[in-house]
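Heads up, the thing below is written out as structure tokens.
The values are calculated or read from the model by the stated rules, or taken from the named source; none is laboratory data. Remember, it's a predicted structure, so these values are computed and weren't measured experimentally. All Cβ positions, glycine included, derive from the backbone under ideal geometry; neighbour counts span all protein chains shown. With ligands, DNA and RNA removed, areas are computed over all heavy atoms of the protein, side chains included. Shrake-Rupley method; radii C 1.70, N 1.55, O 1.52, S 1.80 Å.
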Amino acid sequence: MSEPTIPILEMRNVSKTFDFSGQRIQALSGASLTVRKGEFICLIGASGCGKSTLLRIAAGFEQPTSGEALMWGKPIDGPDPSRGMVFQDYGLFPWLTVRGNIGFGLAARGRPKAEIQDTVSRYVDMVGLGKFADAWPHQLSGGMKQRVAIARVLANDAEVVLMDEPFGALDAMTRDRLQDELLELWASTGLTVLFVTHSIEEAVFLSDRVVAMSPGPGRIDSELQLDLPRPRDVASPTFNAIRGDLNQRLHSHHARRAA
Amino acid sequence: MSIVMQGAPPAMRGHGRVSTARLRALGGRAGQVALALAFPAAILTGWHFATAGEAYSLVPPPAEVARAFWDLAFGGINDDAFSQTLLTHVLASVGRVLGGFGLAVLAALPLGLLIGRVPFVRQMLDPTLQLLRPIPVTAWLPLAMILFGIGPRSAFFLVFLGAFYPILVNTVFGVRAVEARLFEAASMLGCKGPAQFARVVLPASLPAIFTGLRLGLGFAWVVIVIGEMTGVQTGLGAIIMEARQLSRTEIVIAGMVAIGALGFISDRLVMLLGRRLLSWSPNHV
Ligand SMILES: Nc1ncnc2c1ncn2[C@@H]1O[C@H](COP(=O)(O)OP(=O)(O)O)[C@@H](O)[C@H]1O
Ligand SMILES: [Mg+2]
């Protein structure tokens, strides 16, 4: 198989304005981004710089005010199972068990029962929730809920996983573990990941490429290709050098804005 | 009236939790039962001493009511027109309550889902329904008698009307309270448009719908008696009315007891069903 020449996701000069109680808020201004299949990309930036908006446009929840959002070269005109979203607040269906949540998309799309059961079991095991397969969401910890949220997009054949600060509400230890698990899944499945975070360390630990955004109005500021080998050592000098560099880039906007 | 009822369930729930905790402190299950029985026992005792042996008491003593109830159910004591008729009347009332309630569910549930979810339907129907809502069900009785004639069909209609609004109002409330996030999650998983009614809207609003069902059924029992009080031959409302005209107060009270028991039982049944269907909900008892 040859590498496809068309990018899996592409944002071309995307702007987004919201009308908010009579006020016009420009959330995003001329953002362009190209994502190739299999890439792990982190979007990073201060809050309010349009990260979620960009992700929601990629998901199809929002339409750009101007510019184009494309998947495989075709305009994104609404949410689709090929682009799975993982929310910070999980968004699990409380009336479905872990199994029910993971099988939701397949059931909604009318797949045969036997296939659903097989697929669900596979993904329940993949995210290590065998013992909790029949638990209700309210009985799970935050980390387990987020595993379910990831499993239900993967079980639904997502090609791109869009993650909006997915580990932001978790404690540090759980977050570290989920980062490792996510990287494993990514490496073994050939997924494409677009991951929003405001933690520089998380971005450097996870991604092939860090996309830095800046506010007022939200735009893409710079990109940084990371060719560090994995698994990455957060204590290594190289890691820290990159972290410092990114830190400076993100802070220079503040300086520029203040000036 | 419905507005008050709407606010009631959460308050009732919270209150229930507090008092159960207190009761537990008073000494386990036996203590709970004893405490729950103490109050009615005191009332019965007071009632007994105030009425037993009084020649011209307007209210018969509890023992006489119990005897009337037995005769109403099984006969063998008075052998008059009321003897052994309880089952007939119970079945007549239960039939009307279930029929009217069932019809109210069939109408209010889909309508509530649509009003809650589809702006067009809400804008078209909600103002009218809100204008009609403050009219007490009892005020519909004369019109119902004109429309449906004097007889069981008016009672049936009143039950329907009484159960309709609590179910509708709570369903709409439940649907509107569904988190937007769940619709986003469903649509990115491939469940879009009308398919979301069955897979998201209905299950997500089920706790509120059950509150509506319980209130609606309770209302149905309130209204059935009024509906059966004019021109109906059978039903608990009918015997209460007939017994009053014959000054058989002990039968009036026996009929009241029967209605109370049936209302209580039907509420328990709905609650049990709710418990099974809502076991997923962390704040449903
Ligand atoms: N639905 C909306 N309506 C109005 N304003 C919005 C909406 N969504 C986002 N915004 C505004 O757009 C800007 C960017 O928001 P967002 O994309 O959420 O930023 P981030 O995720 O980087 O914190 C903010 O100023 C936010 O208030
Ligand atoms: Mg955000």
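Does the range B:172-221 hold any residues that are of a type outside the set (A, V, I, L, M, F, W, C) and either at positive phi or away from chain A (no Cβ under 14 Å) (or both), and which are they? Steps first, please.
Taking the range B:172-221 and keeping what is of a type outside the set (A, V, I, L, M, F, W, C), we get B:174, B:176, B:179, B:181, B:184, B:187, B:190, B:192-194, B:196, B:199, B:203, B:205, B:207, B:211-212, B:214, B:216, B:218.
Listed by number, the residues that qualify are B:Arg176, B:Gly190, B:Gly193, B:Thr211, B:Gly212, B:Arg214, B:Gly216, B:Gly218.
If we keep just the residues of the range A:39-50 that are surrounded by fewer than 22 Cβ atoms within 10 Å (Cβ to Cβ) and farther than 22 Å from A:Arg230 by Cβ, which is farthest from ligand 2 (Cβ to nearest atom)? Within the range A:39-50, the match that is farthest from ligand 2 (Cβ to nearest atom) is A:Ala46.
For the range A:71-85, the set of residues classified as among the aliphatic types (A, V, I, L, M) and either more than 10 Å from chain B (Cβ to nearest Cβ) or over 18 Å from B:Val200 (Cβ atoms) (or both) consists of A:Met71, A:Ile76, listed by residue number.
Within the range A:241-254, is there a residue that is modelled with pLDDT under 90, among the hydroxyl-bearing types (Ser, Thr, Tyr) and open to solvent by 20 Å² or more (accessible area, probe 1.4 Å)? So far as the range A:241-254 goes, yes, one or more of its residues are modelled with pLDDT under 90, among the hydroxyl-bearing types (Ser, Thr, Tyr) and open to solvent by 20 Å² or more (accessible area, probe 1.4 Å).
In this structure, does B:Val169 turn out to be open to solvent by less than 50 Å² (accessible area, probe 1.4 Å), more than 14 Å from chain A (Cβ to nearest Cβ) and either within 15 Å of the chain's Cα centre (by Cα) or of a type in the set (Val, Ile, Thr) (or both)?
On the way: open to solvent by less than 50 Å² (accessible area, probe 1.4 Å): yes; more than 14 Å from chain A (Cβ to nearest Cβ): yes; either within 15 Å of the chain's Cα centre (by Cα) or of a type in the set (Val, Ile, Thr) (or both): yes.
Against the criterion (open to solvent by less than 50 Å² (accessible area, probe 1.4 Å), more than 14 Å from chain A (Cβ to nearest Cβ) and either within 15 Å of the chain's Cα centre (by Cα) or of a type in the set (Val, Ile, Thr) (or both)), B:Val169 qualifies.
Taking the criterion of being within 16 Å of ligand 1 (Cβ to nearest atom) and open to solvent by 20 Å² or more (accessible area, probe 1.4 Å), the residues of the range A:85-120 that qualify are A:Gln88, A:Asp89.
Screening A:Pro217 on (1) away from ligand 2 (no atom under 16 Å from the Cβ); (2) assigned to a loop (DSSP other than H, G, I, E, B); (3) in contact with a strand residue (DSSP E or B) (Cβ under 8 Å, 6 or more places away or on another chain) shows it passes everything except condition (1).
One line per residue, one yes/no per condition, for (1) touching a helix residue (DSSP H, G or I) at 6+ places or on another chain (Cβ under 6 Å); (2) assigned to a helix (DSSP H, G or I); (3) closer than 20 Å to B:Val137 by Cβ:
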{"residue": "B:Ala68", "(1), (2), (3)": "yes, yes, no"}
{"residue": "B:Asn78", "(1), (2), (3)": "yes, no, no"}
{"residue": "B:Ala81", "(1), (2), (3)": "no, no, no"}
{"residue": "B:Val97", "(1), (2), (3)": "yes, yes, yes"}
{"residue": "B:Gly100", "(1), (2), (3)": "yes, yes, yes"}
{"residue": "B:Leu103", "(1), (2), (3)": "yes, yes, yes"}
{"residue": "B:Ala107", "(1), (2), (3)": "no, yes, yes"}
{"residue": "B:Ile115", "(1), (2), (3)": "yes, yes, no"}
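Scanning the range A:73-97 for residues that are β-branched (Val, Ile, Thr) and either under 19 Å from A:Met163 (Cβ atoms) or touching a Gly at 6+ places or on another chain (Cβ under 9 Å) (or both), which turns out farthest from ligand 2 (Cβ to nearest atom)?
Filtering the range A:73-97 down to residues β-branched (Val, Ile, Thr) leaves A:76, A:86, A:97.
Cutting the leftovers down to either under 19 Å from A:Met163 (Cβ atoms) or touching a Gly at 6+ places or on another chain (Cβ under 9 Å) (or both) gives us A:76, A:86.
Values: A:Ile76: 19, A:Val86: 13 Å.
So, considering only residues that are β-branched (Val, Ile, Thr) and either under 19 Å from A:Met163 (Cβ atoms) or touching a Gly at 6+ places or on another chain (Cβ under 9 Å) (or both), the one farthest from ligand 2 (Cβ to nearest atom) is A:Ile76.
Within the bounds of the range A:27-38, is there any residue that is in contact with a helix residue (DSSP H, G or I) (Cβ under 7 Å, 6 or more places away or on another chain) and away from ligand 2 (no atom under 16 Å from the Cβ)?
If we filter the range A:27-38 for residues that are in contact with a helix residue (DSSP H, G or I) (Cβ under 7 Å, 6 or more places away or on another chain), which is where we start, we get A:27-28, A:31.
From the residues that got through so far, the ones that are away from ligand 2 (no atom under 16 Å from the Cβ) too are none.
Checked against the condition, which is being in contact with a helix residue (DSSP H, G or I) (Cβ under 7 Å, 6 or more places away or on another chain) and away from ligand 2 (no atom under 16 Å from the Cβ), the range A:27-38 yields no hits at all.
Only a single criterion out of (1) open to solvent by 50 Å² or more (accessible area, probe 1.4 Å); (2) away from ligand 1 (no atom under 15 Å from the Cβ); (3) polar (S, T, N, Q) is not satisfied by A:Ser82, namely (1).
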